[in-house]
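Presented below is the structure to which this report refers.
Here, each number is a calculation from the coordinates, and none is a lab measurement. Keep in mind that what you see is a predicted model, and the values were worked out from it rather than measured. Using ideal geometry, Cβ is built from the backbone for each residue, glycine included, and neighbour counts are taken over all protein chains shown.
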Amino acid sequence: MRTRDTIKQGHEKAVADQLLNALQIRASCATPGDPNKREPDVMYKWDRETLGIEIATAYYTDGDAEQEWTAVAHERPLPAQGFEMREEGVIGNPDQTICERIQKEIDGKCGKIYAGADELWLCIEQQAALSDAESVERCIDTLKIPPGHQFTRIYVSYLAPVHEGSKYSARKIFPPD
């Protein structure tokens, strides 16, 4: 059985690959970064340089993250009907809640020191089923990027809802256009 760390590593690579695909960037030799060397989560070869992508996932709450990861890691059985209700019930203001969580992830990652990459990107994957392009744009307009970080680019990624094509989308938030 795979451990949470192995599953997490696969998730990070999948998010990084989706980001590069959404941006139509071809990179090769994806390998996990070495946390003992303070490398970002996924390392690529890109234009003769090493591109490191640090991944964070923003959920509405820690409870949502725990509910998802205990299921993914097979630490508990899934309900027989194949889906489950959110354990924490109704979310009062989902757009504000997920935006605050994205900001928290940005603040945490921008406060770290990374090594081993010529170029360093951050991708915050938004796990928020109630979001759409409009709510993501409103959130992006309010995000604050702390000074002194190492990232050359910062993105927010999300899965668009059905009415927007159900495709994986990435929005650059740093540097501003």
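For residue 162 and residue 21 in one chain, what is 0.36 nm times their gap in residues minus the Cα-Cα distance, to one decimal in nm?
48.8 nm
Loop sites only, by DSSP: take the GluC sites (Glu not before Pro) in the chain that have at most 13 other C-beta atoms within 10 Å and name the longest stretch containing none of them.
89-177
If I stretch the segment between residue 138 and residue 177 completely, what's the gain in nm (0.36 nm per residue apart, minus their alpha carbon distance), one decimal?
12.4 nm
If you place +1 on the Cβ of every Lys and Arg and -1 on the Cβ of every Asp and Glu, how big does the dipole about the Cα centre of the stretch 56-113 come out, in debye to the nearest 20?
200 debye
Got a sec? Which residues in the stretch 35-71 would a label at residue 14 touch, if it sits 7 Å along Cα→Cβ and we count backbone N under 17 Å?
Output list for this probe position: 42, 55-59, 65-71.
Is the shape of the stretch 46-114 rounded, prolate or oblate, going by the alpha carbon gyration tensor and its root eigenvalues a ≥ b ≥ c, with a/c under 1.5 for rounded and a/b larger than b/c for prolate?
Oblate is the answer for the stretch 46-114, as a/c is 1.5 or above yet b/c matches or exceeds a/b.
What number of lysine-lysine pairs in the chain show an alpha-carbon separation below 23 angstrom, given a sequence spacing of 8 or more or placement on distinct chains?
Number of lysine pairs found: 27.
Which of 16, 80, 56 ends up with the largest GNM mean-square fluctuation for the chain, with Cα atoms connected below 10 Å?
Among 16, 80, 56, the largest mean-square fluctuation in the Gaussian network model of the chain belongs to 80.
Between residue 58 and residues 5 or more places away or on another chain, which pairs have amide H atoms under 5 Å apart, with H built 1.01 Å from N, and which residues are they?
Residues meeting the amide H criterion: 125, 126, 127.
Loop-only chymotrypsin sites (Phe, Trp or Tyr not before Pro) in the stretch 1-97, please: DSSP not H, G, I, E or B, and at most 10 other Cβ atoms within 10 Å.
83
What range in the chain is the longest one free of trypsin sites (Lys or Arg not before Pro) that are in a loop by DSSP and have at most 15 other Cβ atoms within 10 angstrom?
The reported range is 49-85.
Would you work out the charge dipole size for the chain about its Cα centre, treating the Cβ of every Lys and Arg as +1 and the Cβ of every Asp and Glu as -1, and quote it to the nearest 20 debye?
Its charge dipole is roughly 500 debye.
Give a residue-ordered list of calculated ³J(HN,Hα) values for the stretch 83-89 (Karplus: 6.51 cos²θ - 1.76 cosθ + 1.60, θ = phi - 60°; whole Hz; x for Gly, Pro).
Couplings: 8, 9, 6, 5, 4, 8, x Hz.
Net charge near residue 61, counting Lys/Arg +1 and Asp/Glu -1 over other residues with Cβ under 10 Å of its Cβ?
Counting the neighbours of residue 61, the net charge comes to -3.
Between residue 49 and residue 75, 0.36 nm times their residue separation minus their Cα-Cα distance comes to what?
Length gained, residue 49 through residue 75: 5.4 nm.
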